[in-house]
1. So, by mean Cβ neighbours within 10 angstrom, what's the order for 130-140, 37-47, 155-165 with the highest one leading?
2. Report the antiparallel proportion of the DSSP beta bridges in region 5-83 as a percent, rounded to a multiple of 5.
3. What is the projected area of the convex hull of the Cα atoms of the chain, averaged over all directions, in nm²?
4. So for the chain: antiparallel DSSP bridges make up what percent, rounded to the nearest 5?
5. Measuring from a point 7 Å past the Cα of Ile148 along Cα-to-C-beta, which residues in region 103-129 have an amide N at less than 12 Å?
6. Using mean Cβ contacts within 10 Å as the protection proxy, how do 176-182, 56-62 order, highest first?
7. Roughly speaking, what is the centre-to-centre gap between region 177-216 and region 137-162 when only Cα atoms are used, to the nearest Å?
8. From the helices alone, meaning DSSP H stretches of at least four residues, give me the mean residue ellipticity at 222 nm for the chain, per-run term -39500 (n - 2.57), in deg cm²/dmol to the nearest 500.
Amino acid sequence: MSDIVLHNYFRSSTSYRVRIALEMKGLSYDYVPHHLRHGEHLEPAYLAVNPQGLVPALVLDDGTLLTQSLAIIEYLDEIQPVPPLLPKGPLGRARVRMLAQMIACDIHPVNNLRVLTSLRTLFGAGDQDITNWFRHWVNEGFQPLEKILASSPQTGTFCHGEAAGLADICLAAQVTSNARFGVDLTPYPTITRINAACMALPAFQKAAPQNQIDAE
């Protein structure tokens, strides 16, 4: 039994982000799955834990609830500083947060499951419509992200230097989601290279969707 409980779903990219951070920090946790497509996150038992009805949700040993993947990851970075997920300097930290938020705040919100479901139920979108929507918003975000990463001397093996951090966590989780919708990564060689470097790391592999207990 761990002091940390992670409510999540194997395929959720935001859950994947938090799992990566937990693995990188070497923190043990109890894995509690909620099947989003079956609506388990909207059942009263889970809403009593997280009234927002979203994953991930991290519950600490004193019952404190933390939601929102970026907030959870920065909390983990503060309680377990090694390895650091943000650079030391303020400018580097701002750059990494910028890159992470380009994915977490601009791409993901319009492509998460509840939005895609709403396209279908409220507007009659079909499977191909939803796939086109997903690809459109990924490309809208990846085009400038690729340019920034490719042109910056601060980009190294990873998004910022030679160690994986917050931006890489967000990037790898998004690329994994992209694969389900057949997003073509050919126009994004820098993103592809960084993602490959991330996926060579044990923490990213162990946290991957296909390696979770609720994987289908």
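Every number in this text was worked out from the coordinates using simple rules, so none of it is lab data. As the structure is a computational prediction, the values presented were derived from the model and not from experiment. Note that we place each Cβ from the backbone using ideal geometry, even for glycine, and neighbour counts take in every protein chain shown.
1. Per-residue Cβ counts within 10 Å, averaged per peptide and sorted highest first, yield 155-165, 130-140, 37-47.
2. Approximately 60 percent, going by the DSSP bridge assignments.
3. For the chain, averaging the hull's shadow over all directions gives 12.0 nm².
4. Of all bridge pairs located within the chain, approximately 60 percent are antiparallel.
5. 103-107
6. 56-62, 176-182
7. If we compute the Cα centre of each part, the gap is 16 Å.
8. -15500 deg cm²/dmol, from helical runs alone.
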